[in-house]
Amino acid sequence: MLQGGYTGKILRVDLSRKEAHTEELSPEFAKGYIGGAGFGIKTLYDEVPAGADPLGPDNKLIFASGPLSGSDTPCASRMAVTSKSPLTGAVGMATTGGFFPAELKFAGYDALIVEGTAASPMYVTINDGDVQFRDAAGLWGTHTSDCQQMIKDSLKDQGYRIACIGPAGENLSRLACIINERRAAGRKGLGAVMGSKNLKAIAVRGHGEIAVADPDAYKTARSSFREHMRESPVLYSAFAKIGTPMVVDVLGAMGMLAAKNWQATGEFVPVDELGTEAGKAVTVGRNPCQGCPVACSQLKLARNAPYTGIMAEGPEFESLYSLGTQCGVDNMDAIIAADRLCDELGLDTMSAGVTIGFAMELSERGALSAIDSGDLDISFGNDRAMMALLEKMAYRDGIGDLLADGVKEAAERIGGDAAYYAMHVKGLELPAYDVRGAKAHGLNYATSYTGADHNRGYAFQEIFGIPIPKEVDRFALEGKGELCKWNQDMRTATCDCPTMCAFLLDMAVPAVAAENAAALLTSLTGVSFTAEEVFQVGERVNNLARAFNAREGFSRKDDTLPDRLMNEPLLVGGSKGHHIPQEDLDLMLDDYYTARGWDVATGTPTRAKLEELGLASVADDLGV
């Protein structure tokens, strides 16, 4: 029986019929998938048919908080947004924070399933149990900040929390994200899915509270968690004050800060301009998520022309890469302005910046000569051209139409050898970490169910030297398959499903992550979880996501890396001489599939593994 944590209700909204109804959340479903990404991926697998058009009416968009969201567990106002990705054709899942995830719980819902397509632009309001479908014609075309404020003013309630799309989502850019307040459910083109449904925004207002099944046990579990946070050597002393930009310094020293479309890693290393000290000089405040004592999110203000006075939340580390080193830009003010512009347009900063860096390399190689780029000088370091391209991509203007769907699609349209310079896995553009210098991190890029996604199996052992579950050599190949599996399953189980900020796994509770999650979940919800059961949920969800992708035609052949990473060793820096040739990747893939209990030849989950995880019907679907 669900006694706390969960509201016990799932809201289903049909845009085509303008109908909404609630469904009960069963204890069995909660036990098997916990929440967040688990709820999203299970719903996606069960309800979106194989071969469905990601931008068609058969696709669904699932917003799911976890049982910890809305409680007074620190750093737990998170949710997963899941759909079939129009960028990759695979599972598209992104997590986001802020206040919207908790507000959805306060409104009475553990998850929101959006289906169908509105006949004209629409937004949906959820005020506790009251769901309304409203005309969004006057909102269509607005930037995300304006959209949110206009809705609050119209509803005469500034307490609404809003998730919306900008022009990029409206124009079906496959790089479009969903913005809630100043947070993004980024990557994978989820904003385009929302745009394809003519859904401009979802506004949520709730007045409920989250029950606690066993207050005394929960208080003990929460106190233990907070103690681990206080004992962390970096969480409050460094991360709370600097945020993710501290990683610029770390990767610069390791020779892993990817630059200029990954051809200048170790050569272009502007730590002085973009690193910790540079960030401190432009930080003017912080903007924490609901219930977060860490408050890692930094507000930064551009101070020099032509960007004077522009403020952004961030740029986070990945944006300092994608809109900075990837594009050869070392102007902090320009990156702040570009980061803010992406948020207003509803463009994912990572994929957008990587796509522009790709275009810059092709331009310098003369491969864009046949494309109408107007009078833009698309070359590395030109921040004004970068800003102009972001606008063009959001509105599909000129060359922006070529770039609006990411590097894989653009390379196919350009032809020639453009695909060699397209830095993606499964269609998802690469994050900042040049994985030629960290092999488990690279294996995760190759095997993650969303494509090249550092958040699905972050190898903190290689990046920060944390010896949990064991000490590793970042350059070694041996054992990296097993380590990658552990990272992916642990992150899914303890962060993406409950839901909790993943930074806590890396910095506060890596040694006791599953035990910590089990104690919090059991005491809060009344559903009994052991540490082993929590970890198995992570394995179950990753297997189900892999099965969804297999049903869509993905296999071992797609678990690969860009040619540049396999063929070109790094020339300078702390990872000099390293790359990941095909034979090394094959060795790690064999190790990974074996650790997962999957078929080594195809990378498909076996019947034995699926039955072990209670997924026998999935094995039937796959014919294994």
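Below, the figures for the structure above:
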read-out: L570 vs. criteria buried (at least 17 other Cβ atoms within 10 Å of the Cβ), touching a residue at least 40 places away in the same chain (Cβ under 8 Å), assigned by TED's automatic domain parsing to the domain that holds C497 and not small (G, A, S); value: no
read-out: The range 545-567, subset of a type in the set (D, E, K, R) and touching a residue at least 60 places away in the same chain (Cβ under 8 Å), residue surrounded by the most Cβ atoms within 10 Å (Cβ to Cβ); value: R546
read-out: Candidates G481, G437, G457, G416 - the one that is modelled with pLDDT under 95 and of a type outside the set (S, T, N, Q); value: G416
read-out: Which listed residue is closer than 22 Å to G252 by Cα, among the basic types (K, R) and in a helix (DSSP H, G or I), from R384, R436, R340; value: R436
read-out: Residue within the range 578-587 that is among the polar types (S, T, N, Q) and over 18 Å from M256 (Cβ atoms) present; value: yes
read-out: Verdict on P469 being within 17 Å of the chain's Cα centre (by Cα), of a type outside the set (D, E), in the same structural domain as F529 (by TED's automatic domain parsing) and at pLDDT 95 or above; value: no
read-out: Filtered residues of the range 276-303 (kept if of a type in the set (V, I, T) and closer than 23 Å to L504 by Cβ); value: T276, T283, V294
read-out: Strands (runs of 3 or more DSSP E) wholly inside the range 165-254 containing at least 3 residues that are of a type in the set (V, I, T); value: none
read-out: Qualifying residue in the range 586-594 (condition: surrounded by fewer than 21 Cβ atoms within 10 Å (Cβ to Cβ), of a type in the set (S, T, Y), part of a loop (DSSP other than H, G, I, E, B) and at pLDDT 95 or above); value: no
read-out: V425 being in contact with a strand residue (DSSP E or B) (Cβ under 6 Å, 6 or more places away or on another chain) and in contact (Cβ under 8 Å) with a residue 24 or more places away in the chain; value: no
read-out: Residue in the range 394-403 that is among the basic types (K, R), surrounded by fewer than 23 Cβ atoms within 10 Å (Cβ to Cβ) and free of Cβ contacts under 8 Å to residues at least 40 places away in the same chain present; value: no
read-out: Extreme residue, surrounded by the fewest Cβ atoms within 10 Å (Cβ to Cβ), among residues of the range 515-534 that are assigned to a loop (DSSP other than H, G, I, E, B) and either free of Cβ contacts under 8 Å to residues at least 12 places away in the same chain or in contact with a helix residue (DSSP H, G or I) (Cβ under 8 Å, 6 or more places away or on another chain) (or both); value: S528
read-out: Which listed residue is over 30 Å from K9 (Cβ atoms) and outside the structural domain of Q263 (by TED's automatic domain parsing), from G526, G538, G481; value: G481
read-out: Qualifying residue in the range 152-161 (condition: in contact with a helix residue (DSSP H, G or I) (Cβ under 9 Å, 6 or more places away or on another chain), buried (at least 23 other Cβ atoms within 10 Å of the Cβ), modelled with pLDDT of 95 or more and part of a strand (DSSP E or B)); value: yes
read-out: Hits in the range 260-279 (condition: out of contact with any strand residue (DSSP E or B) (no Cβ under 7 Å at 6 or more places or on another chain) and in a loop (DSSP other than H, G, I, E, B)); value: K260, N261, W262, Q263, A264, G266, E267, F268, P270, G275
read-out: Test for A452: is it closer than 20 Å to P562 by Cβ, part of a helix (DSSP H, G or I) and touching an Asp or Glu at 6+ places or on another chain (Cβ under 8 Å); value: no
read-out: Test result for G40, in contact (Cβ under 8 Å) with a residue 40 or more places away in the chain, in contact with a strand residue (DSSP E or B) (Cβ under 6 Å, 6 or more places away or on another chain), assigned to a loop (DSSP other than H, G, I, E, B) and surrounded by 24 or more Cβ atoms within 10 Å (Cβ to Cβ); value: no
read-out: Residue that is modelled with the lowest pLDDT [pool: residues in the range 484-514 that are not small (G, A, S) and not in a helix (DSSP H, G or I)]; value: V509
read-out: Which listed residue, of G400, G442, G357, is in a helix (DSSP H, G or I), modelled with pLDDT of 95 or more and not assigned by TED's automatic domain parsing to the domain that holds F268; value: G442
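Residues are listed down the side, and each one gets a yes or a no for (1) surrounded by fewer than 21 Cβ atoms within 10 Å (Cβ to Cβ); (2) not assigned by TED's automatic domain parsing to the domain that holds F317:
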| residue | (1), (2) |
| --- | --- |
| R174 | no, yes |
| C177 | no, yes |
| A185 | no, yes |
| S196 | no, yes |
| P233 | yes, yes |
| G255 | no, no |
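The values are calculated or read from the model by the stated rules, or taken from the named source; none is laboratory data. From a predicted model like this one, the values you see are computed outputs, not experimental measurements. FYI the Cβ positions are ideal-geometry reconstructions off the backbone, even for glycines, and counts take in every protein chain you see.
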